[in-house]
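Note sheet for the following structure.
The values are calculated or read from the model by the stated rules, or taken from the named source; none is laboratory data. Keep in mind that what you see is a predicted model, and the values were worked out from it rather than measured. Methodologically, a virtual Cβ is constructed for each residue, glycine included, from the backbone with ideal geometry; neighbour enumeration extends over all protein chains shown.
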Amino acid sequence: MAYILSIETATTNCSVSLSKDGETVLLKEDYSANYSHAERLHVFIDTVLNEANVKRSQLDAIAVSKGPGSYTGLRIGVSAAKGLCYALDIPLIAVSTLEALAHQVKVTSGHIVPMLDARRMEVYAAVFSKDYKLERAIQAQVLDEHAFQDYLKSETLYFIGNGVTKTKELIAHKNAVFIDDKLPSANEMSSIAYAKYQKSDTEDVAYFEPYYLKDFVALKPKPKV
């Protein structure tokens, strides 16, 4: 029996789940439009463990969403995960944010395109098969009306994530299905993390860093008038 605590902070959704042998036991998340990770993450961790009546000492691993996504959100999630791993002397498991997002789509044919909003007309996107095999590597993609045409001309593509809003304004195709109002969640991390745990596919806690995909760009403050 393995208890794994999963942490997802790559977008505005602050999400924590506790799983037992790959099945989510409890889930706590804030799906609002505001980043509240610094205030809520540790509260959510305590709430999930208390409601499940599971002590921190009973945890077998910590899983964290590794990105891509919000620079600040990822830093908060990874820092919390590392702290727990150090304190409890348990392994750290990294889960691809886009892979977990793809698992929210259950289909029998076609491909799944999880996508997260990036700057301007870019999205962080990948292409997965219906059984969640990575078909096209994660990349920062500039959107236009020709995006994903090689797939769309022959099969249905299911687009999911907060990158959908600007994508559906550009792509008009009969094979494009847009799934609105979905963000990565710790719920789908449960089965992925457990599969990795069984194979001892873990990270070096000291050296692990989130997968940002693009360098962080700090905005310059506006000059005072």
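Give F159, F178, F148 a once-over and let me know the one that is aromatic (F, W, Y), surrounded by 14 or more Cβ atoms within 10 Å (Cβ to Cβ) and under 24 Å from L74 (Cα atoms).
Working: F178 fails: under 24 Å from L74 (Cα atoms); F148 fails: under 24 Å from L74 (Cα atoms).
Within the list F159, F178, F148, the selection yields F159.
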Would you confirm, using the coordinates I've provided, whether T165 is of a type in the set (S, T, Y) and assigned by TED's automatic domain parsing to the domain that holds I192? no
Please enumerate the residues belonging to the range 5-45 that are modelled with pLDDT under 95, small (G, A, S) and assigned to a loop (DSSP other than H, G, I, E, B). S32, A33, S36
Among the residues of the range 57-75, how many are touching a helix residue (DSSP H, G or I) at 6+ places or on another chain (Cβ under 7 Å) and crowded, with 21+ Cβ neighbours inside 10 Å? 10
Limited to the range 76-94, what total is found for residues that are surrounded by fewer than 24 Cβ atoms within 10 Å (Cβ to Cβ), touching a Ser or Thr at 6+ places or on another chain (Cβ under 7 Å) and outside any helix (DSSP H, G or I)? 2
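Does R40 qualify as being touching a helix residue (DSSP H, G or I) at 6+ places or on another chain (Cβ under 9 Å), in contact (Cβ under 8 Å) with a residue 24 or more places away in the chain, of a type in the set (K, R) and surrounded by fewer than 24 Cβ atoms within 10 Å (Cβ to Cβ)? Before the answer, list the steps.
Numbers: touching a helix residue (DSSP H, G or I) at 6+ places or on another chain (Cβ under 9 Å): no; in contact (Cβ under 8 Å) with a residue 24 or more places away in the chain: yes; of a type in the set (K, R): yes; surrounded by fewer than 24 Cβ atoms within 10 Å (Cβ to Cβ): yes.
It is false that R40 is touching a helix residue (DSSP H, G or I) at 6+ places or on another chain (Cβ under 9 Å), in contact (Cβ under 8 Å) with a residue 24 or more places away in the chain, of a type in the set (K, R) and surrounded by fewer than 24 Cβ atoms within 10 Å (Cβ to Cβ).
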One residue is enough: does the range 146-157 have a residue meeting the conditions under 23 Å from T12 (Cβ atoms) and outside the structural domain of K66 (by TED's automatic domain parsing)? no
Determine which single condition F216 fails, assuming it passes every other condition in (1) more than 29 Å from E29 (Cβ to Cβ); (2) modelled with pLDDT under 95; (3) not in a helix (DSSP H, G or I). (1)
